[in-house]
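Down below is the structure, laid out as structure tokens.
Read-outs throughout are calculated quantities, based only on the coordinates presented, and are distinct from any laboratory measurement. Predicted model only: the values in this text are computed from it and were never measured. Cβ sites come from the backbone with ideal geometry, for glycine too, and all protein chains shown count toward neighbours.
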Amino acid sequence: MANLTPQEQAAIDYHRSNLLTGNALKHPDGSLTTFMGSVVGTDKGHMILPLYWGNDVRSVPDAMRSAIKSGIDFPTYKTEEAALKAEERLHKIMEQDVIDYNRPKD
């Protein structure tokens, strides 16, 4: 398992909750959206913000309001470059989760 910060684990937990509770957005091609991260500059740094909330993809302002309301502490980094690298790393974990979720069960 990857070494994740508590905030990165919170992002993964948010994604997994959407995946495992059937709240993923199902696309016609069979792909699923559970997070759809965007790196957003804030007064605390560059945050990985999920745009997927309540079975819909939201605008950044709407997603930020949902994130604040949720109380989830999403990952924030000092630089945009660090946030983008972390988002790529987290996205790979999320992609593997979806592959595992879609794998036929015995």
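Just a few scattered comments:
- Angle between the chain longest axis and helix 80-102 axis [Cα atoms, degrees, rounded to 10]: 20 degrees
- Over the chain, dividing the summed -39,500 (n - 2.57) contributions of all DSSP H runs of at least 4 residues by the number of residues returns a 222 nm mean residue ellipticity of -15500 deg cm²/dmol.
- With 5 Å bins from 0: P(r) over the chain, alpha-carbon pairs, percent: 2, 12, 24, 25, 19, 11, 5, 1, 1, 0
- Net charge dipole, segment 8-100: roughly 200 debye, given to the nearest 20, about the Cα centre with Cβ charges of +1 for Lys and Arg and -1 for Asp and Glu.
- Helix axis angle, 6-20 relative to the chain longest principal axis, alpha carbon, degrees: 30 degrees
- Violating pairs (Cα-Cα greater than 25 angstrom) within the set Lys69/Lys105; Lys44/Lys69; Lys69/Lys92; Lys26/Lys105: Lys69/Lys105; Lys69/Lys92
- Pairwise centroid distance, computed over Cα atoms, of segment 47-61 with segment 75-99, Å: 15 Å
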